[in-house]
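*Asks:* Next up is a structure, given as structure tokens.
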Amino acid sequence: MSRDLDRLEKAGQQVESRPPYSVSQPYKLPGHMVTTTFAIDGFKVVRTIGVVRGITVRSRSILGTMAGSLHTIIGGNITAFTKLCEMTRAEAFDIMVQHASEIGANAIVGVRYDATEIMSGVTEVLAYGTAVVVERVEAPE
């Protein structure tokens, strides 16, 4: 992030410095324009800012692990793990959106997720994409 901020400050843009990303106060891009595609219908990319990311590391609790393990005997959706995974992805997503907002983007394109097990029961989830500035395309009359 500091390289992105340095680059923007050298380009003459005012950048507010904030502490490392957290989801205690999630940031939202105007219109919440985030997509896995590389284009947004009705908009054109006028500036590419660069890669943004959100990373979080989570572990399962002992109780959650025990409940999930017992649920595997019965089969079906293990809701305790499903909720943990969804919460972790949402947190990584919010951090990525905050990063993009802080460096002046109004959209993120090409969004992807990645997950890596760091050690047994501890997983890193990464959300990443390309921060861009988009403008609405005037419809031909």
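*Asks:* Within the range 101-137, how many residues turn out to be assigned to a loop (DSSP other than H, G, I, E, B) and touching a strand residue (DSSP E or B) at 6+ places or on another chain (Cβ under 8 Å)?
*Replies:* 6
*Asks:* Please tell me if Thr65 is at pLDDT 80 or above and either touching a Phe, Trp or Tyr at 6+ places or on another chain (Cβ under 8 Å) or of a type in the set (S, T, N, Q) (or both).
*Replies:* So Thr65 does not fit the description; no.
The values are calculated or read from the model by the stated rules, or taken from the named source; none is laboratory data. Because the structure is predicted, anything quoted here is derived from the model rather than measured. Glycine gets a Cβ as well: all are built from the backbone with ideal geometry, and neighbour counts include every protein chain shown.
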